[in-house]
Amino acid sequence: MDETLVEFIKRTIMKIPITEMMPILKAWDFLSEKQLQTVNFRQRKESLVQDLVLLCEERRASIHDAALLDIIYTQFHRHQKVWDVFQMSKEPGEDIDLFDMEQFKSSFVKILQRALKNVTVSFRDAEENAVWIRIAWGTQYRKPNQYKPVYVVYYSQTPYAFTSFCPLKSNMPLLGQALTVASNHHKIVKMDLRSRYLDSLKAIVFKQYNRTFETHNSTVPLQDRTLELDIHMDSRIIHENRIEKERVQRVTQETFGDYPQPRLEFAQYKLETKFKSELNGDILAERKEPLRCLIKFSSPHLLEALKALAPAGIADAPLSPLLTCIPNKGMNYFKIRDK
Amino acid sequence: MSVLRPLDKQPGLNTATILLVGTEDALLQQLADSMLKEDCASELKVHLARSLPLPSNMNRPRIDLIMFVVNLHSKYSLRNVEESLRHVDATFFLGKVGFLATGAGRESHCSVHRSTVVRLARTYRSPLLFCDPEVDGFRVPVAQRLVRMLQICAGHVPGVSALNLLSLLRSSENPTLEDL
């Protein structure tokens, strides 16, 4: 087997944590049960990896088998990548063709290979009519770089595709074109939405985050719920602003709902506005050009943090619509200009 | 009744009431719980308010001590306290008002400078306490001090009045240029 391929397989297996070794190898389904039984999974990781690589060599693993393993690893560790969202559209009036997965795959590969002779494309089908695509980029004269692939998750029944951040940015237009043409769309647009949490991006884009299931508990009115809290509290503590607190809870619930929020790590606002000041003769207000300013909110779970702001007393309720519109509009990058 | 006055009601028998004013409910709740855990001969009542003026439809006892709680991490909480101070009658500031600043321990998170609250307390001639309620070791002594201050302000400690306490606390500070 090619030395570079062996090295690639070795490094891919090395990345896998010991606890996930069995599930990932089983999902890969390349090494047989008999072969796996001969391996001692309790030894030191380096020796374990060497044993597994030898087994792969025995079975004559190809680059496609290795790429498939890489896809499975990424599927288990999808949070390690930052995902962008692309939306495709058809021409108005175009017929809605029946989607053929095999035709999509062969068309996709053909387009990429026509442009760049050397490119490794691998597919793995997933649930909900989705397909995970791994692309390792090469050029006319250089073999593909297996260590900087880009991943695309395309939901075939929708116009949406999620791509991992690609260090080789110059190939992105080609990727967009291949996706669009192979799936019979006309245009592709990058949405202003980015996050590590692929499932949250999915929930936002497919509007699946606000499903509240009808249960008996959800029909308890707000007033009764607050009474339950009071019984546990000391009767010597009196809340003067109870009505205001209830209003804040109500407004927060109306804005954010009862369901868990999709997970985003940041929201970024690019301001290009004129400086507004109440003071006369303020130097900044006299500038003719707009001020440029970047504001970034970061959090391990941004939307839950925003939801907690008003009840915690850190901000007034209702919050600014610029913050609360994030899941509805499907954006966490904003450009704000003067009207 | 949009302005709080100290002596507009009859006192309750052996009752002392403190009003904590601050934007962060969880913080006020922690202080209230700690205060009520203390052994005290008087019956304590703690009222928590986000801001002043207080809603007029409530029937409340005479308030013996007001503590304004400022979170040094939040300019919003400082502004809230500054707004609320306007609804307190001047006679309250004869020993029945205090300021409590939280969050001084985490300097990197502070958006309100220490000197701002120090100046605020000095302007209103009232004592300033610092507290980090998340740390048990800080919270309990502060709660004990507040309970003691409250008892004095309610008149439950014979021989010491709120005004006495105020002058005692003031003379221990370094005299400022304005005082001299």
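The values are calculated or read from the model by the stated rules, or taken from the named source; none is laboratory data. Model, not experiment: these values are computed from the prediction. Every residue, glycine as well, gets a Cβ built from its backbone with ideal geometry; the counts of neighbours run over all protein chains shown.
B:Thr91 satisfies every condition listed in (1) surrounded by fewer than 21 Cβ atoms within 10 Å (Cβ to Cβ); (2) in contact (Cβ under 8 Å) with a residue 40 or more places away in the chain; (3) more than 14 Å from chain A (Cβ to nearest Cβ); (4) touching a strand residue (DSSP E or B) at 6+ places or on another chain (Cβ under 9 Å) except (4).
State which residue is surrounded by the fewest Cβ atoms within 10 Å (Cβ to Cβ) when the search covers only the stretch B:95-116 and only residues that are away from chain A (no Cβ under 14 Å) and within 13 Å of the chain's Cα centre (by Cα).
In this case the residue turns out to be B:Phe99.
Residues considered: B:Ala121, B:Ala143. Of these, the only one that is surrounded by 13 or more Cβ atoms within 10 Å (Cβ to Cβ), closer than 15 Å to B:Met67 by Cα and touching a Pro at 6+ places or on another chain (Cβ under 8 Å) is B:Ala121. Whenever a residue of the stretch B:123-139 is in a helix (DSSP H, G or I), its partners that are surrounded by fewer than 20 Cβ atoms within 10 Å (Cβ to Cβ), lying with C-beta atoms within less than 9 angstrom and at least six residues away or across chains, give the pairs B:Phe138/B:Gly105; B:Phe138/B:Phe130; B:Phe138/B:Asp132; B:Arg139/B:Gln30; B:Arg139/B:Asp132. Scanning the stretch A:87-99 for residues that are out of contact with any helix residue (DSSP H, G or I) (no Cβ under 7 Å at 6 or more places or on another chain) and either farther than 29 Å from A:Asp199 by Cβ or surrounded by 14 or more Cβ atoms within 10 Å (Cβ to Cβ) (or both) gives A:Gln87, A:Lys90, A:Glu91, A:Pro92, A:Gly93, A:Glu94, A:Asp95. When A:Asp258, A:Asp234, A:Asp282 are checked against the criterion of being facing another protein chain (nearest Cβ under 10 Å) and at negative phi, A:Asp234 stands alone in meeting it.
Sub-6 Å Cβ pairs linking a first residue in the stretch A:292-315 that is away from chain B (no Cβ under 14 Å) to a second residue that is in a helix (DSSP H, G or I) and among the small types (Gly, Ala, Ser), at least 6 apart or interchain, are A:Ser299/A:Ala305, ordered by first then second residue.
Identification of helices (runs of 4 or more DSSP H) wholly contained in the stretch A:6-81 with 3 or more residues that are buried (at least 18 other Cβ atoms within 10 Å of the Cβ) and in contact with a strand residue (DSSP E or B) (Cβ under 8 Å, 6 or more places away or on another chain) yields A:63-76. If the condition is being surrounded by 12 or more Cβ atoms within 10 Å (Cβ to Cβ), at pLDDT 75 or above and not hydroxyl-bearing (Ser, Thr, Tyr), then the stretch A:270-288 contributes A:Lys270, A:Leu271, A:Glu272, A:Lys274, A:Phe275. Of all the residues that make up the stretch B:55-86, how many are under 16 Å from B:Ser2 (Cα atoms) and more than 13 Å from chain A (Cβ to nearest Cβ)? Adding up the residues that qualify gives 4.
Which of the residues belonging to the stretch B:56-77 are surrounded by fewer than 21 Cβ atoms within 10 Å (Cβ to Cβ) and either in contact with a helix residue (DSSP H, G or I) (Cβ under 7 Å, 6 or more places away or on another chain) or of a type in the set (Asp, Glu) (or both)?
Result: B:His73, single match.
Restricting the stretch A:117-149 to residues that are surrounded by fewer than 20 Cβ atoms within 10 Å (Cβ to Cβ) and under 18 Å from A:Tyr197 (Cα atoms), the residue that is modelled with the lowest pLDDT is A:Glu128. Identify all residues within the stretch B:1-32 that are more than 7 Å from chain A (Cβ to nearest Cβ) and among the acidic types (Asp, Glu); write none if there are none. Selection gives B:Asp8 alone. Note on the stretch B:35-50: residues that are surrounded by fewer than 21 Cβ atoms within 10 Å (Cβ to Cβ), of a type outside the set (D, E, K, R) and more than 7 Å from chain A (Cβ to nearest Cβ) amount to 3.
Residue check: is A:Glu102 charged (D, E, K, R), part of a loop (DSSP other than H, G, I, E, B) and either out of contact with any strand residue (DSSP E or B) (no Cβ under 6 Å at 6 or more places or on another chain) or crowded, with 19+ Cβ neighbours inside 10 Å (or both)? Considered against the rule, which asks whether it is charged (D, E, K, R), part of a loop (DSSP other than H, G, I, E, B) and either out of contact with any strand residue (DSSP E or B) (no Cβ under 6 Å at 6 or more places or on another chain) or crowded, with 19+ Cβ neighbours inside 10 Å (or both), A:Glu102 comes out as no.
Considering the stretch A:124-160, the residues that are among the β-branched types (Val, Ile, Thr) and more than 17 Å from the chain's Cα centre (by Cα) include one that is farthest from A:Glu7 (Cα to Cα), namely A:Thr139. For the stretch A:161-190, filtering for residues that are under 12 Å from the mean Cα position of the chain (by Cα) and over 17 Å from A:Ser122 (Cα atoms) leaves 1.
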